[in-house]
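Below is one structure, written out as structure tokens; the observations come after it.
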Amino acid sequence: MNEQTATTAFTKKPRFIVSILGGKRRDMNATLDSLRAQTYGEWTEDAAEQSFPHDYVLRIHAGDTLHPDALFRMAHAVERAEYEPDMIYADELIQEGKKPYEEHKKCEFSRVTALSYDMFGALLAIRREIYAACCPPQGEYDAGAEYAFRLRCMAKARRIVHIPLPLLNQIDESGFEWQIPGLRRELVIALIK
């Protein structure tokens with residue numbers, strides 16, 4: 001399927017605003033090359049552009065590469081949903097060192113599970129309104145700040161969709177291994193209200 005076909009097949013035409021986190025120029029180029037190779041062409045790096053009704057922000061680490069159909073699959077999830085998703089995440093292929101890629105399957109969304117560990121992983125698209133309201137971390141990448149940001153987004157999100165296909169090739173697994181008890185307590189209270 002070519003970019004023109006993939007883009008015109010949708011009535012909602014969601015757009016993805018891509019934010020590449022950290023990394024060296026070589027790593028950024030690999031990520032940008034994977035974006036340019038997408039079969040779905042509705043993406044930009046310019047967050048200052050005019051806002052559209054179906055905008056999503058996609059934060060991705062420099063060096064990570066998207067499967068050529070990744071944005072198409074995410075757009076398809078938006079298009080086919082009865083109610084537009086607030087967050088979209090997918091499975092990943094992870095390579096540690098020189099070992100072959102290993103598929104990292106994720107479970108279907110559960111608020112309780114998301115409070116236990118970062119179940120979203122490296123590929124997560126967030127509706128622009130929620131993204132902006134939750135104050136994304138600025139500056140150097142910090143796993144704790146990123147996880148706290150994702151929990152704030154989750155607290156505001158009503159519909160979170162999992163795509164059970166590996167759409168991202170991640171070079172090194174960078175997770176968030178521990179919890180901040182006060183933050184978890186605060187979020188649980190907010191979710192109960």
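Report yes if PRO85 is under 26 Å from TYR147 (Cβ atoms), at pLDDT 95 or above and not hydrophobic (A, V, I, L, M, F, W, C), otherwise no.
yes
Identify the single condition in (1) touching an Asp or Glu at 6+ places or on another chain (Cβ under 9 Å); (2) at pLDDT 75 or above; (3) outside any strand (DSSP E or B) that GLY175 does not satisfy, given that it satisfies every other one.
Result: GLY175 passes all but (2).
Residue under question is ARG184, and the condition is that it be at pLDDT 90 or above, of a type outside the set (Val, Ile, Thr) and open to solvent by 60 Å² or more (accessible area, probe 1.4 Å); does it hold?
So ARG184 fails the test.
Within region 142-161, count every residue that is within 15 Å of the chain's Cα centre (by Cα) and open to solvent by 40 Å² or more (accessible area, probe 1.4 Å).
2
What is the number of the single condition among (1) at pLDDT below 85; (2) part of a strand (DSSP E or B) that PRO166 does not meet?
Condition not satisfied by PRO166: (1).
Only residues that are open to solvent by 40 Å² or more (accessible area, probe 1.4 Å) and either assigned to a loop (DSSP other than H, G, I, E, B) or touching a Pro at 6+ places or on another chain (Cβ under 8 Å) (or both): list them for region 55-94, please.
Of everything in region 55-94, those that are open to solvent by 40 Å² or more (accessible area, probe 1.4 Å) and either assigned to a loop (DSSP other than H, G, I, E, B) or touching a Pro at 6+ places or on another chain (Cβ under 8 Å) (or both) turn out to be HIS67, PRO68, ASP69, GLU79, GLU82, TYR83, LEU93.
The values are calculated or read from the model by the stated rules, or taken from the named source; none is laboratory data. Predicted, not measured: the structure shown is a model, and the values here were computed from it. Methodologically, a virtual Cβ is constructed for each residue, glycine included, from the backbone with ideal geometry; neighbour enumeration extends over all protein chains shown. Accessible surface is based on the protein model in full, side chains and every heavy atom, while ligands, DNA and RNA are left aside. Shrake-Rupley method; radii C 1.70, N 1.55, O 1.52, S 1.80 Å.
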